[in-house]
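Q: Supplied in structure tokens, the structure appears directly below.
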Amino acid sequence: MIPELVLGMGAVACFCLGAFPTVRRASQLVAWFAVLFAGAVVGVQTGWWHGHAVSEPWYAAFGNLFRWMGLGLGLVLLASMRPGASERHEAESLGCLLSAILGLMLVGGAADLITLFLGLELISVASYILLYLDRDGPRPEEAAGKYFYLSILSSAVFLYGLSYLYGLGGALRLDRLTHAWASGAGTLGDASLGAMAAVLVLAGLAFKITAVPFHFYAPDVYQGTSHVNASLLSVLPKAAGMAAIIKLLLGIMVGGGLPLWQVTLAVAVLTVTVGNVIALWQTHLRRLLAYSSIAHAGFMLIGLTAAMTYRRPHQHPWDGAGALLFYLVAYVIATAGAFAALSVLRRGNRPVERLDDLRGLARSNATAPRFIAWSLAAFMFSLAGIPPLAGFWGKLAVFFSALDVGASPSENPLRSRLLWLAVIGAVNAAIGAAYYLRVVGAMFFTEDDAQDRQQAAVVATPAVVAVFACLVLTLAIGLSPGSWFQAAHSASPTAVPTIVEVSLDTAPATH
Amino acid sequence: MSTLLLVTVFLPVLGLPLVGRRRESARLASLLIVTATLLLSGYLAFAFPAGAGEFAVWETSWVGGRFPGVDLRLGLGLDGLSVWIFPLSSLLTFTAILVSWHAVDRGATSFYRLLLILLTGMLGVFAARDVLLFYVFFEATLIPLFFLIGMWGHEERRYAAVKFFLFTLAGSVLTFLGLLALAIYSAQSQPQGVLTFSIPHLTENLMRLRANGQLPLTVQIWIFLALFAGFAVKVPLFPLHTWLPLAHVEAPTAGSVLLAGILLKIGGYGFLRFSLPMLPDASAACAPWILILAAVGIIYGALTALAQRDIKRLIAYSSVSHLGFCVLGFFALNPLGLHGGLLQMVNHGLATGGLFAVVGMLYERYHTRQIEAFGGLARRLPILACFMFLLTFSSIGLPGLNGFAGEFLILTGMFERAWLLQRGELVLAVAAVFGVVLAAWYMLQLVGRVFFGELKEPVQGGMEAHAGLAGAEHVTGDHYRSQGWTGDLTAREVLALAPLGVFIVWIGVQPSFFLARMTPTLDALSRPATRASRSEAGPATAAAEAVDAAERVANRRSAFGRAQTTEGDPCRYSAGIACGHQNPPPFTD
């Protein structure tokens, strides 16, 4: 728990510092230190430095994956928070950011329902405040209000679903719930109760991952707020929601004999199609990326659907859950990088918001805007799934997991459905490329013809470093995906960690 | 050799840092890198022993030893399919860099870097021995070309770049699913099957499944259609060709040269590499339909070319027509057609790549590509005209040049198929012959109007202004040359075109040398499909026997030598075609 504690203390320290105007500036330092220190602790625990892991029995590979993801995102977001943009509330913003990262790490490591819910709420509450504090976005009130009410509603739905889950399984601990559902708790008595639990949980989490039909808020909220907040909203809740979905739906409920895959299949097809098709008409960059993030949730749900329909000894790394996690990693890196790249650009006093604002960026005379343009192009190509970038392998993994049933010679009754799911996914991948190309086209193929507007310029150096880091990761994963597949593959079965009971009263038993 | 192949493929990318900021140093560095790559790839190709199956194979595991059930490799190698297209990629990039010498002014560093990345992509596509690696290189070629068209193209470059990219991508994602489906199907059909992406292993596995009856025709056809989606767009086959004229016309000269010369070949290469050997029954079953599309494409492309006023557009439509010939040859599904199709891909690369380069040179001088703006240029630009004639004659299949060898083999193959298996397809064969006639018509008309008759040079509106500018700034510099200079070819331009001319003549007089290196691979890969097409045509007895009898006769009597059976020695018949009077060709071991 040390990394989580470090982050928690860092968040508290930031909030406290915010109360004293004289030392408020130190909050920046505290936040960086907290994230880096937590990262160092995770590094030591997972054995990066001295070869063997310091075992924390309640943490599994799954939790560690999300720890790394959370801390990495924390660094990128910290770097892209523009100093001076919301100077009055800088300390509070940083505190909220740390809390949100903490939330993601808690969800990844959660072993019971309460922790899971707590982690998700930590992200939500922190993002409400961030949305309210943000004055950089064009319509902060609208964004914050919309997000707040809908998020509260979804949390309530989710909680209601959890109560069914608890009632049927008789436990809060995830591993006990798994056993309970495996032995028929989900279909005990009236089978509709289990289905109710599943549908409510999925509905609540669908809001977090912006799955259709719970996606409506995303474009408006992203548009109304700043790049940094939009970045946070498009990666943290999505990652946490996916972690929760893997834990609850895949880890627990799929064992109960309910045909959950029907629901996820329908949601996946709708999400991926709606997201990609509507994105074609967007001219506002954050709206475009909002629809893109909806579409990517759909691609991940294809992996989820595949994972729900079959369990076979996995000889290859592209089983459904592993595919989902790998896709998530690739998506998160590219999206965070893209938003970070957008956040460093300014036209005069104004942030770059519309597709037109990017015109001629690659033909700029200065080096920095050109670098940003090429990086942004790389992120767009990665999101579009073009090799040799990370996103390609994500698409490969997801399609493969669906085709693993869909193209198998066996007479599986689900065969044709998963085959069509893969085909729909592939067609959508091509549709998606169209709007990513528009972004690239705006930067590379047009001249900056507006005389009255000012040249796009790059401010905020730390964010440029973050962009560079994301670019390196995107390329590195693209060229050598093996170890990342390995990480995603080995993480997915440990989503429901086994709790080792530690008694504080007596001396530990010796064997 | 294997390490040499690895170095050759990645040399252009490794050389990227050498391409400096200044335009002069950038183009010089990239020219040196491409020359080195060209020499290496040429060495590899000519070291390729006749009669060999595979050559210079280099492999290592891609995902490491982490997943014992997965066989995913970084594997490179040359074989009969790739042995000539591989060095052709380097050769045309060499030409592309030389023709861009003055034409590319702005952002030269990025331009040459993208060309180098594109070269690695092209070399990799043809050398890849792994399905996923092939796809990675295949898609990776899109990105540099997308930027090349979009940033250095002509007026409608943005639309052309996006259309090119989306058309190709939309087809190729389905191809991707098809390739994955092949791997999955082959792995799951066997107990404890290893999921292999290695192309030779995959082919072998699928053929074993087919022999056991575990690869039913319906499965084959579905996967075939998925693969077809991507390859047909890339070729491009008739209804899917609309991106091509646009992309060709809008691309900068270097882009057109490489697009026509190499990238279109990936589609045909994909048919030969994946569709025919891995899904032979589906290939045989779909062949009649594809032949119809190919024949329609030949006639349609030729007629449309006849109606063009823009030289570049005319050549672009002629590509549609010529690529139709290649596909016609492949799906005739007999050794003659396959050899002809593969040879014709190389020929088309040389001829059309060269034609685009020549048009680029004209455009550089006169800033227009309209046919009616020119006339009698043969007197004004004699060297350029010479090259134009050579390329044109190659393109229309004048005997003695390479185009004739390819087209003749294709047509012979098509007539053989039509005569022996399916009389109705004679219509297609005859249509293809008309395509040859039409090709001669539009190409000679073009040459006649532009190079003969009264001397007519385009009025250059900008000439005086340019001259004034040049006088003011630097008289002898590149600027002056690129703007208002209308002299004949410089040494640089001759250097760009001469290698193409050498190969056009060489392939023309001695096709056996080139065919001999294709034969073993081509025979091995196409044998199942060839056999399947024969049994497809009717009850296995009559038709197949007729074919065998015909081939036995052909072996003894045909003017093409004695090598029509698959086990034979097809370089002989080509020798017969182009230089029947000569001694038996030396490369028949």
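Q: Applying the Karplus parametrisation 6.51 cos²θ - 1.76 cosθ + 1.60 with θ = phi - 60° to the phi angles of the stretch B:214-219, what ³J(HN,Hα) value in whole Hz is obtained for each residue in order, glycine and proline being reported as x?
A: Karplus values, whole Hz, x for Gly and Pro: 9, 10, x, 4, 4, 4.
Q: Here's a follow-up. At a Cα cut-off below 21 Å, give the lysines reachable from B:LYS456, other chains included and same-chain residues fewer than 8 away excluded.
A: By straight Cα distance, B:LYS456 reaches B:LYS312.
Q: Which parts of the stretch A:395-438, residue by residue, lose 30 Å² or more of accessible area when the rest of the protein chains are there, as against the chain isolated (1.4 Å probe)?
A: For the stretch A:395-438, once contacts with the other chains are taken into account, A:LEU396, A:PHE399, A:PHE400, A:LEU403, A:ALA407, A:PRO409, A:ALA426, A:ALA430, A:LEU437 lose 30 Å² or more.
Q: Can you give the local net charge around A:PHE299? Use residues other than it whose beta-carbon is closer than 14 angstrom to its beta-carbon, Lys and Arg +1, Asp and Glu -1. Please list the in-between numbers first.
A: On the way: positive: A:LYS238, A:LYS395; negative: none.
Residues near A:PHE299 contribute +2 overall.
Q: Using a loss threshold of 30 Å², tell me which positions in the stretch B:109-158 are less accessible in the complex than in their chain alone. Probe radius 1.4 Å, ligands and nucleic acids ignored.
A: Output list: B:LEU132, B:VAL136, B:GLU139, B:ILE143, B:PHE146, B:PHE147, B:MET151, B:ARG157, B:ARG158.
Q: For the stretch A:363-476, what mean projected area does the convex hull of the alpha carbons give, in nm²? Can you show the working numbers first?
A: Details: hull surface 35.9 nm².
Here the figure is 9.0 nm², rounded to one decimal.
Q: Could you work out the pair-distance distribution P(r) of the stretch B:238-340 from its alpha-carbon pairs, with 10 angstrom bin width and percents rounded to whole numbers?
A: The calculated distribution, bin by bin, is 16, 45, 29, 10, 0.
Q: Let me ask another. I need the phi-derived Karplus couplings for the stretch A:97-111: 6.51 cos²θ - 1.76 cosθ + 1.60, θ = phi - 60°, integer Hz, Gly and Pro marked x.
A: Per residue, the Karplus-derived 3J(HN,Hα) values read 4, 4, 4, 5, 5, 4, x, 4, 5, 5, 4, x, x, 4, 10 Hz.
Q: Same structure, new question: Please enumerate, by chain and number, the lysines with C-alpha under 17 Å from the C-alpha of B:LYS234, excluding those fewer than 8 residues away in the same chain.
A: Reachable lysines: B:LYS163, B:LYS265.
Q: Please compute the per residue accessible area over the stretch B:232-362 with all protein chains in place, 1.4 Å probe, rounded to a whole number of Å².
A: Numbers: 1730 Å² over 131 residues.
With the other protein chains kept in place, the stretch B:232-362 gives 13 Å² per residue.
Q: Using only the alpha-carbon atoms of the stretch B:63-164, report the extent along each of the three principal axes, biggest first, to the nearest angstrom.
A: Principal extents (Cα only, largest first): 51, 27, 23 Å.
Q: Given the C-alpha centroids of the stretch B:39-95 and the stretch B:148-203, what is the distance between them in whole angstrom?
A: 19 Å
Q: Quick one: which residues, 5 or more positions from A:ARG354 or on another chain, have an amide H under 5 Å from its amide H? H modelled 1.01 Å from N in the peptide plane, none for Pro or chain starts.
A: Those lying under 5 Å, H to H, from A:ARG354 are A:LEU285.
Q: Here's a follow-up. Residue by residue through the stretch B:182-189, which ³J(HN,Hα) values in whole Hz follow from phi under the Karplus form 6.51 cos²θ - 1.76 cosθ + 1.60 (θ = phi - 60°), with glycine and proline marked x?
A: Here the 3J(HN,Hα) series is 4, 5, 5, 4, 5, 6, 7, 6 Hz.
Q: Right, here's the next one. Over the stretch B:140-254, how many percent of alpha carbon pairs lie in each 5 Å bin up to the one with the longest distance?
A: 2, 12, 17, 17, 13, 10, 10, 8, 6, 4, 1, 0
Q: Over the Cα atoms of chain A, each weighted equally, I'd like the Debye log10 I(q)/I(0) at q = 0.08, 0.13 Å⁻¹, rounded to two decimals.
A: Taking Cα atoms of chain A as identical point scatterers yields -0.47, -1.27.
Q: Which lysines have a Cα less than 26 Å from the Cα of A:LYS208, not counting those fewer than 8 places away in the same chain?
A: By straight Cα distance, A:LYS208 reaches A:LYS146, A:LYS238, A:LYS247, A:LYS395.
Q: Let me ask something additional. Nearest 100 Å² is fine: what is the total accessible surface buried where chains B and A meet, probe 1.4 Å?
A: On the way: alone 21140 and 20130 Å², together 37320 Å².
Adding both sides of the contact gives about 3900 Å².
Q: Hey, can you grab everything whose amide H is under 5 Å from the amide H of B:GLY375? Only 5+ residues off in sequence or another chain; H modelled, so Pro and N-termini drop out.
A: B:LYS456
Q: Scattering from the C-alpha atoms of the stretch B:350-455 alone, worked out with Debye: what is log10 I(q)/I(0) at q = 0.10, 0.22 1/Å?
A: The computed values of log10 I(q)/I(0) come out as -0.37, -1.12.
Q: Would you mind estimating how fast the protein assembly as shown diffuses translationally, via Stokes-Einstein at 10 °C and 1.306 mPa s with the Kirkwood radius over Cα pairs, in µm²/s? Provide the component values of the computation, followed by the final result.
A: On the way: Rh = 31.1 Å.
Translational diffusion coefficient: 51 µm²/s.
Q: Right, another one. Per residue, how large is the accessible surface of chain A? Use a 1.4 angstrom probe and give square angstrom.
A: That works out to 36 Å² per residue.
Q: With contacts defined as alpha carbon pairs under 8 Å and 6 or more residues apart, what's the relative contact order of chain A in percent?
A: Details: 923 pairs, mean separation 84.0, N = 511.
Rounded, it is 16 percent for chain A.
Q: Related question: Just grab the label-to-label distance for A:LEU159 and A:VAL44, each label 7 Å out from Cα along the Cβ direction, in nm (one decimal).
A: Modelled inter-label distance: 3.8 nm.
Q: Also, I was wondering about something else. Round to a whole number: what % of the accessible area of the stretch A:2-494 belongs to carbon and sulfur, probe 1.4 Å?
A: On the way: 11170 of 16490 Å².
Carbon-and-sulfur percentage of accessible area, whole number: 68.
Q: Using a 1.4 angstrom probe and counting only protein chains, how large is the accessible area of B:LYS456 in Å², to 10?
A: Spelled out: B:LYS456, probe radius 1.4 Å, area about 90 Å².
Q: Continuing with this model, one more query. Suppose every Lys and Arg Cβ carries +1 and every Asp and Glu Cβ carries -1, with no other charges. What dipole size does the stretch B:2-579 come out with about its Cα centre, to the nearest 20 debye? Write out the running numbers ahead of the final one.
A: On the way: 39 positive and 33 negative charges, 30 e Å.
Dipole about the Cα centre, nearest 20: 140 debye.
Q: Based on the inverse mean of 1/r over its pairs of different Cα atoms, what is the Kirkwood hydrodynamic radius of the stretch A:412-497, in Å?
A: Numbers: mean 1/r = 0.0556 Å⁻¹.
Radius from the Kirkwood sum: 18.0 Å.
Q: Measure off, as a whole percent, the carbon and sulfur share of the 1.4 Å-probe accessible area of the stretch B:2-579, all protein chains present. Kindly include the intermediate steps, with their values, before the conclusion.
A: Details: 11750 of 18170 Å².
C and S atoms contribute 65 percent here.
Q: A further question on this structure: Let me know the Kirkwood hydrodynamic radius for chain B, please, with Cα pairs as the basis and the value in Å to one decimal. Walk me through the numbers before you get to the answer.
A: Details: mean 1/r = 0.0413 Å⁻¹.
Value: 24.2 Å, from the Cα pair sum.
The values are calculated or read from the model by the stated rules, or taken from the named source; none is laboratory data. In this text the structure is predicted, and so the values were computed from the model without any measurement. Positions of Cβ are generated from backbone atoms using ideal geometry, with glycine treated the same way; all protein chains shown enter the neighbour counts. To get the accessible areas, we keep the full protein, side chains included, count just its heavy atoms, and leave off ligands, DNA and RNA. Shrake-Rupley method; radii C 1.70, N 1.55, O 1.52, S 1.80 Å.
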